[in-house]
Every structure is written in C-alpha cells, then in structure tokens.
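Engineer: My structure is below; once you've seen it, I'll send some questions.
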Amino acid sequence: MNDKVAQTVKTKGITRRFLIIFSVAFCLLLASASTHYFIVERSERIERETRELLNIRLGKAAIERDMQDVISDLTFLARHNETSGIFLPDNLDARQALAQQFRVFSEQKGRYHQIRVLDETGQEIVRVNYNNGEPIATSETLLQNKSDRYYFTETWATEGRNTYISPFDLNIEHGEIEIPEVPMVRFGTLMFDENGNKRGVLLLNYLGSTVIEDFREATANIADHAMLLNSDGYWLSNVEKDREWGFMFGRNDTLAEHFPDAWQRINARDTGQFSNRDGLFSFTTVYPISSSQGNLGDGLGSLPADTSYYWKAVSHLPPQSFSASLGEFLRRNMPLYSTMFIFLAASSFIVALTRFHHRQAVSEVETERSFRELLERRVDERTDELKTAQVEKDLVVQHLIQAEKMTAIGTMASGIGHEINNPLYAILGLAEAIRDDDSREQARGHAGKILSYTKDIAAIVRNLTGYARPFSGTEHKPIDINEVIHKAVSMVKRSLYDDRIEFRTDLGGLPGFSAHSEEIHQVFFNIIRNGVQSIEDDGSLMITSRYDGEKIVINVKDDGKGIAPEDHSKVFDPFFTTKDPDQGEGMGLYVVHQIIQKYKGSISLESVVGKGTTCVIEFPILPSVKKGNP
C-alpha cells in the first residue's frame, strides 16, 4: 500500500513539474517560430522591394545611355560639318561628300531612320534614309522643303548649341501610322558658320524601338511586370502589347485609368516605392533632355533641366504575387519544429524527473553533465552561425562596392564614350585618306596620327577597366594612400570635360597602410566626386594628408553648396541623396562608411551651407606598422 502511494506521489510530482517546464518551453518554441516567420517574411519583402527598385533603375540607366549616345552623335555630326561649305550655293561636291559620310555613319550606327540637313529656309539639302540597313542618299530632285514642320520650327527657335527632342510617338507616313509600327524620336540642333551665324538645322530621326529594346533588356529580370510610360500615363512599353501607344490610336487606356491612386503618387515624385491595395509599385523618372546632355562637356550644348518632358519607368507586382503564405512556411519548417517539439517534450520530462530526484547525487551529476554538453553544442552551433552571417555581410558590402563602381562608370560612360568615338571617327577618316591618297609622305603622316589616336584610346580603356575590375583575394597588402588619392583625382578629372574646378593637394609623408587598394580607391573616388558634384559653378577642391603618430588623417575640402544641418545625420544612410535624379542613387557615402568601418577607421563631415564641406577620414595604424614605418 505504501509503495503504491509513493509511486502515485512520484508520478504526480513528475507530471506536475513536467507540465510546468513543458508549458514554458512550448511558449518559447511558439515565440521562436513566430519570430522566425516574421524574419523570413521581412527578409523576403526587403529582397523583393530592393530587386524591383534596382531593376527599374537599371532600365532608366539604359534609356539615359541611349539618349546620351544620340546627343553625342548629333553634336559630333553638326560641329564636324557645319563649316564644310555645305551651305554655300550650288556647292554640290560638299553636299555629296556629306551625304556619303552620313550613309557610312547610318550604316555603322543602325539606329537612325533618317539623317537630314536643312538650310535656314527649311529646304532639305542632304537626306539619307536608313532603308532597312542599306542606307541611301536622296537625290537632289526629291529633297523637300520642311519649313512648316514643327520639328524644324522648334529646332530653329532654340538658342545656341542646345538640342531639341520631339515627343516619343509612332512614325506617320502620308497621314497614316506606318505599319508595322515604327516608334520615333526626333533630335535636332542648329548649325553655324565661322562667324557664329545660324545657317541650318541637323535632324536625326531616331528609331525609338532601340530605347524600348534596351529598356526591356535591362529589366529582363522583371520583364513580366516592367513598363515605360509617357508623362500622360500612356504605355510606351508593356508586356500587354495591345495597350501600347494608346494615344496614337485614340484609346484612353492609361495607368491612371486602371490605378488612379497609384498614378497620382507616381506622378508626384521622381523616384519611389509604395504598397497599396493594388500591389507593390516601384518607379523612377527619366528626363530625356537632362539625362542626354548631362555629360557632353563644355561647348557641346546643354539645356536646363526640363521637368515638363519626362517618361516614367514603373514595375507593378499585384498583391497575390508576393503575399506571405503561413501555410507554405509551415510546410517548409514543419519537420524542424516537429523535431524541436519532441525534443522539448523529452527535455522537459528529463528535467522534471531530475528535479524530482535532485537529492540523488549520481542522477544530479549525470543530468548536469548532459545539460552542459547540450549547451556547449548549441553554443558551437550558434558561433558557427555568427561566423557565417559575418561572411555573408562582407559579401554584401563587396557587392555594394562593385555596384557603386558600376554606377560611377555609368555616370562617366557617355563622356568616356565620346572621348573614344571622336578619335575612332578621326581614325576612320584618316584610313580612308590613306586608301585614296597616292603620296607616301602624306600616308606616313596620316599613319602617325592614327597611331597617336590609338594610344589615346588604349589609355582611356586601360584606366576604365582597371577601375571597373572587381578585386579578388582576402589578404591585405601594404598600399600608398597618397598614390591612391592621385589615381582617384585623375579619374574624377577625366569625367569632367572642363577646367572649372581647381584640384589642389598637400600630401604629407605617410606610413604604409595594409588594405585592399580597390576599396580605398573607392572611398576617395566617391568622396572627391561628391565634392565636385556639390560645386555648381567655378570652385576648388583641396586634399591634404598627414600622419600624427597614431593615425593617418585625410581632409577633403570643397567650396560647394554645403549640406543642410538637418541632413548631417542622414548622409551615410543607404539611398539618401540631395542630388538631382541623374547624379546618383544615394549609395556612395553609405559604401564609403562601410569600407572605412571595415578598417576600424572613422569619417566625419563639417559643412556650412553656401560655403562648402570638409570630409575628415582617419585610419588607425597598428603598432607593428608604426614600428616599421616611423
């Protein structure tokens, strides 16, 4: 009888302790599962939003590159030929030579439906048609007077060397939309004589399908929901083809008709992302005039930013495509949590039993040892997880650095492409001259010029590829920070095309610094470029370096427009920027901050609005380095 009572008491005691322990453990398991679910859902949402915004910005960058290439071609053709005598009466030879040049140019480029020169009366004097890849010059008897056409009158009304860009629409022949549809944008600029008098107009009929194809290629990862719209909300590019060019066919089929609330928010800002009942919308704005002339250089023509002429690059994910599924989460993780449930139940029972027999020394020691081993395994597992997380973070930072490099290269691409295109066309002309010229002396002179132009192109490409190449390896190497600063200044200078900014340096003797040269170069390139972009007119940028016995200190001071006090605490946040939409996406200083933190350094800004900004960077020097490099 006593044994039965004792067994009953033992059973109840163990059961009561088991229920208490297991209840607490089960609540903790539920809390862990809930936290896990919300972390997964938040991670997927951030990844989705970042992917959408990144791809839509890639589409914008592709369009801007196309616009810059067209303006570069237009400017080169106009400036290269305006004083060649084509506007002189009856100068048939000059016009035929120009037509031949246009024919070769059209065949090589493959993106211009027509290239035309009109005199001051609107009369065509040269016209070359693309003719499906076999360009042909129009005979003199078929040239027409276009003085009453809007593209001539509006180009003629521009000032100086500015550029006219027509609306993006479909080509019309004999009063009807051309079939198959031919998207078209017309670019025009004035041509002057030696005395600066307006003598005519150069017009490029640009095949707009190139813009649309490049946009679709750049947004291929989101091709099923990326779109391009004009300022009225009509589709220029849509996965549903029958919705495109509605305004040309009299259809009131716009984004505003389908999603009025979303269109109102999209049209109110240049760039952004938001979610509403209709889904996730990511968007950015393309200003063709501003983006196409931002990097052409002094003397090649520019217009003030025209915010009335723009296109919208938009992606739209409907709610059903990204809503988190609790059922899917449970399906993927049920084996894990079932195992943990069984483990908790078993552990709770063991702990309850151990507590009931806590006076039994052998059982207590054994239980304590088991628990300690279990805890050590969990600590080891957690340590491994933390190490893995740190490696993943380092990889993300490296991807951000490389993405910022690509953004900087995109900013400089038009200018560098123009630097390469001009000597290439000069080489083409000299090669034709060598072919047609019988004089060996003149041919030798032309060959010398070709060699000089080729060396210039090689130097440009070598510098650009050296900067763009992702760095590899994990070991740090001693670098000369002053040398890195000189290279960064040189690369920034190359992208300017003018000398309105004076660069000054006062670099003191510095000890060797162990780091990745590419990362330190990225730091100074971003900071110097930010300083240059803040200087609106003429100005200067001063760079100094010194070693105070404990750390390397570099100051970068510009006399630009400065930073507002309320923005000081946000300048190192990702995607924060005070620049114009075509000057950056707000990742430059964030990447700089990440790299400097990696090397245990610090960065601070001292800025006064209207007077400029001083950026102070400090890198600590390890004792072993100080001993070897006093």
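Engineer: For the range 476-630, with the dipole built from +1 on Lys and Arg beta-carbon atoms and -1 on Asp and Glu ones, taken about the Cα centre, which of G601, V591, M491 lies farthest toward the positive end?
Structural biologist: Farthest towards the positive end: G601.
Engineer: Along each principal axis of its Cα atoms, how long is the range 1-137 end to end? Whole angstroms, biggest number first, please.
Structural biologist: Dimensions of the range 1-137 along the principal axes of its Cα atoms: 132, 26, 20 Å.
Engineer: Still on this model: Just reorder S290, S370, S315 by solvent-accessible area, largest first, 1.4 Å probe, all chains present.
Structural biologist: Heavy-atom accessible area, descending, gives S370, S290, S315.
Engineer: Also: Using a 1.4 angstrom probe on the protein heavy atoms only, line up Y599, Y337 by accessible area, largest first.
Structural biologist: Y337, Y599
Engineer: How would F619, F38, F192, F576 rank on accessible area, largest to smallest, probe 1.4 Å?
Structural biologist: F38, F576, F192, F619
Engineer: Tell me, what % of the accessible area of the range 476-630 is carbon and sulfur with a 1.4 angstrom probe?
Structural biologist: Values: 3690 of 7590 Å².
Using a 1.4 Å probe with all protein chains present, the range 476-630 comes out at 49 percent carbon and sulfur.
Engineer: Same structure, new question: In 10 Å bins starting at zero, report the fraction of Cα pairs in the range 88-195 per bin as a rounded %.
Structural biologist: Pairs per bin, as whole percents: 13, 41, 39, 6, 0.
Engineer: Past 20 Å, Cα to Cα: identify those pairs from K477/K598; K312/K561; K551/K598, in the order given.
Structural biologist: Table pairs above 20 Å Cα-Cα are K312/K561.
Engineer: A further question on this structure: For the range 476-630, what are the per-bin percents of Cα-Cα distances with bins 10 Å wide, up to the bin holding the maximum?
Structural biologist: 10, 42, 35, 12, 1
Engineer: Excluding residues fewer than 8 places away in the same chain, name every one of the aspartates and glutamates whose C-alpha is closer than 16 Å to that of K198.
Structural biologist: Result set, ordered by chain and number: E82, D119, E120, E124, E154, E159.
Engineer: If you don't mind, there's one more thing I want to ask. Just read off the accessible area of T271 with the full protein assembly in place, 1.4 Å probe, to the nearest 10 Å².
Structural biologist: 40 Å²
Engineer: Follow-up question, since we're still on this one. Distance between the C-alpha centers of the range 78-101 and the range 218-265? Whole Å please.
Structural biologist: Computed from Cα coordinates, the inter-centre distance equals 43 Å.
Engineer: Something else: Stokes-Einstein diffusion coefficient for the range 55-116 at 10 °C in a medium of 1.306 mPa s, Rh from the Kirkwood formula over Cα pairs: what value in µm²/s?
Structural biologist: It diffuses with D of about 118 µm²/s by this estimate.
Engineer: Here's something else I'd like to know. Mean 1/r over all different Cα pairs, inverted: what Kirkwood radius does the range 1-62 give, in Å? Show your work: numbers first, answer last.
Structural biologist: Numbers: mean 1/r = 0.0616 Å⁻¹.
Value: 16.2 Å, from the Cα pair sum.
Engineer: Could you tell me the ratio Rg/Rh of the range 498-568? Both radii from Cα atoms, Rh via Kirkwood.
Structural biologist: With Rg and the Kirkwood Rh in hand, the quotient comes to 1.02.
The values are calculated or read from the model by the stated rules, or taken from the named source; none is laboratory data. As the structure is a computational prediction, the values presented were derived from the model and not from experiment. Reconstructed Cβ throughout: ideal geometry from the backbone, glycine too, with neighbour counts over all protein chains shown. What goes into the accessible areas is simple: the full protein's heavy atoms, side chains included, and nothing from ligands, DNA or RNA. Shrake-Rupley method; radii C 1.70, N 1.55, O 1.52, S 1.80 Å.
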